[in-house]
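Colleague: Have a look at this one before I ask anything.
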Amino acid sequence: MDETREWYRAFGLTEHAPGALATRDGGVQLRLEDAPYRGIRRIGLGVDDPDDLARLAAALKAADEGMEIEHGETLRFRDPVDRLPYEISVAPRYDAASVDVPAVNRPSAVERRDVPADAVLRGSPVQPSNLTHFVRGTRDPVESIRFHTEVLGFELSDALGDFGGFMRCSDVHHNMAVQKAPAAFLHHISFECDDVDEVGRGAAHMLELDGDSHVWGLGRHAIGSNYFWYLRDPSGNFAEYSSDIDRISSQDGYHPKDWNDGESLSSWGPPVPISFLAPPDIEEVFAAMAEG
Ligand SMILES: [Fe+2]
């Protein structure tokens, strides 16, 4: 626990209370708890007002009469596919801090003369802006996507056939992605940085502390377009620095694509390591989850 807390502080999160880790603009977005094996303990989502909460409670009841729902200031239930605890509460929308857009030189458009690139002058530690998304396993991707889109109101951004899908509850291409697995393990959490230099600076700093934490990067995903660099935290979860992820304002005029071709993991980057697809401890994690 202590090692993992320290690791996320070095990653650029601010610890407000033991295990409660905040991004620069999103407040506390990651809560670490001591547990016998790594995984997701709870998923927290925010809505604008109590009416939203009441509408969601009604939608959950309409979808499944027998679903156990606790509806106070927080709406608590377990998702019907994987039995993961969800907590939905009224929360402010996060407001990204405005940052200067660095001047970039292209052969055809020189924006910066007589001074070095802004990125090489940055000395302050990287602070990710927000928790942009997480990816988790599900026993049944089709049913999980149906539940999140038809009942909870997520939008489907892109699909991976029957294997999984990328969904959003904001304009970010994916806030949650699900992929087929024997259990709802945590594949990774991703933190959005201001630009690709922050992705590189953050990862370089983490690799200076522990070269073995490298998983995959630097690259650019095809689905969602974001730059990525994945690292392994001391508990075995993957944490991603990302930037420049696609934004989708509405489903009108946007057509989810089915990327079920196996070539879609990255647009460019190093070859995908086996450890990204099958984390070294995954069998152990599945066995522990099966035991409960
Ligand atoms: Fe990601």
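The values are calculated or read from the model by the stated rules, or taken from the named source; none is laboratory data. Remember, predicted model here, so these are calculated numbers, not experimental data. Positions of Cβ are generated from backbone atoms using ideal geometry, with glycine treated the same way; all protein chains shown enter the neighbour counts. Remember, those area values only see protein heavy atoms, side chains included, never the ligands or the DNA or RNA. Shrake-Rupley method; radii C 1.70, N 1.55, O 1.52, S 1.80 Å.
Colleague: Can you give me the solvent accessible area of residue 15 with a 1.4 Å probe, rounded to the nearest 10 Å²?
Modeller: Accessible area of residue 15: about 40 Å².
Colleague: Could I ask something else about it? With charges only on Cβ, +1 for K and R and -1 for D and E, what is the dipole size of the chain about its Cα centre, in debye, rounded to 20?
Modeller: Details: 27 positive and 51 negative charges, 51 e Å.
Computed about the Cα centre, the dipole is about 240 debye.
Colleague: Please list the equivalent ellipsoid semi-axes of region 142-292, computed as the square roots of five times the alpha-carbon gyration tensor eigenvalues, in descending order and whole angstrom.
Modeller: With the √(5λ) rule applied to region 142-292, the semi-axes are 25, 21, 13 Å.
Colleague: Tell me, what is a quarter of the convex hull surface for the C-alpha atoms of region 61-126, in nm² with one decimal?
Modeller: 10.0 nm²
Colleague: Round to a whole number: what % of the accessible area of region 204-292 belongs to carbon and sulfur, probe 1.4 Å?
Modeller: 51 percent
Colleague: Hey, how many Å between the Cα centroid of region 18-79 and the Cα centroid of region 170-190?
Modeller: 15 Å
Colleague: Using a 1.4 Å probe and ignoring any ligands, DNA or RNA, find the accessible area of residue 24 and quote it in Å² to the nearest 10.
Modeller: Result for residue 24: roughly 80 Å² accessible.
Colleague: Using a 1.4 Å probe and ignoring any ligands, DNA or RNA, find the accessible area of residue 139 and quote it in Å² to the nearest 10.
Modeller: 110 Å²
Colleague: Next question. Taking all protein chains as present, what is the carbon and sulfur share of the accessible area of region 7-124, in % to the nearest whole number, probe 1.4 Å?
Modeller: That fraction is 48 percent.
Colleague: Leaving ligands and nucleic acids out of the surface, order 77, 286, 163 by accessible area at 1.4 Å, largest first.
Modeller: Greatest to least solvent exposure: 163, 286, 77.
Colleague: Positive end of the dipole of region 43-113, charges at C-beta (+1 Lys, Arg; -1 Asp, Glu), about the Cα centre: which of 69, 45, 107 has its Cα farthest in that direction?
Modeller: Going by the charge dipole, the pick is 107.
Colleague: Please report Rg over Rh for region 147-192, where both radii come from the alpha carbon positions and Rh follows the Kirkwood definition.
Modeller: 0.95
Colleague: Just need the relative contact order of region 164-292 here, percent rounded to a whole number, with Cα pairs under 8 Å and 6+ apart.
Modeller: Details: 187 pairs, mean separation 34.1, N = 129.
In percent, rounded to a whole number, it is 26.
Colleague: Additional query: Considering the Cα trace of the chain, what is its radius of gyration and what is Dmax, both in angstroms?
Modeller: Considering the chain through its Cα atoms, Rg and Dmax are 19.5, 68 Å.
Colleague: With the other protein chains left in place, how much accessible area per residue, in square angstrom, belongs to region 64-176 at a 1.4 angstrom probe?
Modeller: Working: 6370 Å² over 113 residues.
The answer is 56 Å² per residue.
Colleague: Sticking with this one: Sum -39500 (n - 2.57) across every DSSP H segment of at least 4 residues in the chain, then divide by the residue count to get the 222 nm mean residue ellipticity, nearest 500.
Modeller: Theoretical 222 nm ellipticity from helices: -6000 deg cm²/dmol.
Colleague: What are the semi-axes of the equivalent ellipsoid of region 209-273, taken as the square roots of 5 times the eigenvalues of the Cα gyration tensor, listed largest first and rounded to whole Å?
Modeller: One finds semi-axes of 27, 14, 10 Å for region 209-273.
Colleague: Can you sort 268, 229 by solvent-accessible area, 1.4 Å probe, largest first?
Modeller: Largest accessible area first, the residues go 268, 229.
Colleague: Another one. Quick one: grab the alpha carbon gyration tensor of region 1-159, order the square roots of its eigenvalues as a ≥ b ≥ c, and give me rounded if a/c is under 1.5, else prolate or oblate depending on whether a/b is larger than b/c. Don't skip to the answer; put the middle values down first.
Modeller: On the way: a/c = 2.34, a/b = 1.78, b/c = 1.32.
Prolate, because a/c is 1.5 or more and a/b exceeds b/c.
Colleague: Roughly how many nanometres apart are two label points built 7 Å out from the Cα toward the Cβ at residue 235 and residue 120?
Modeller: 4.0 nm
Colleague: Just to confirm a number: summing +1 for Lys and Arg and -1 for Asp and Glu over residues other than residue 281 whose beta-carbon lies under 11 angstrom from that of residue 281, what do you get?
Modeller: Working: positive: 38, 232; negative: 283, 284.
So the environment of residue 281 carries a net charge of 0.
Colleague: What is the chain's relative contact order, in percent, from Cα pairs under 8 angstrom and six or more apart in sequence?
Modeller: The value is 16 percent.
Colleague: Whole angstrom only: what separates the Cα centroid of region 233-292 from the Cα centroid of region 121-147?
Modeller: 9 Å
Colleague: In debye, nearest 20, what is the charge dipole magnitude of region 24-180 about its Cα centre with +1 on Lys and Arg Cβ and -1 on Asp and Glu Cβ, if you could check?
Modeller: Values: 20 positive and 27 negative charges, 135 e Å.
Taking the Cα centre of region 24-180 as origin, the dipole is about 640 debye.
Colleague: May I ask you to order 84-93, 238-247, 106-115 by the average number of other C-beta atoms within 10 Å around their residues, highest value first? Let's see the in-between values first.
Modeller: On the way: 84-93: 14.2, 238-247: 21.8, 106-115: 7.5.
The most tightly packed comes first, giving 238-247, 84-93, 106-115.
Colleague: Using only the heavy atoms of the protein chains and a 1.4 Å probe, how would 148, 205 rank by accessible area, largest first?
Modeller: Working: 148 0, 205 80 Å².
The ranking, largest first, comes out as 205, 148.
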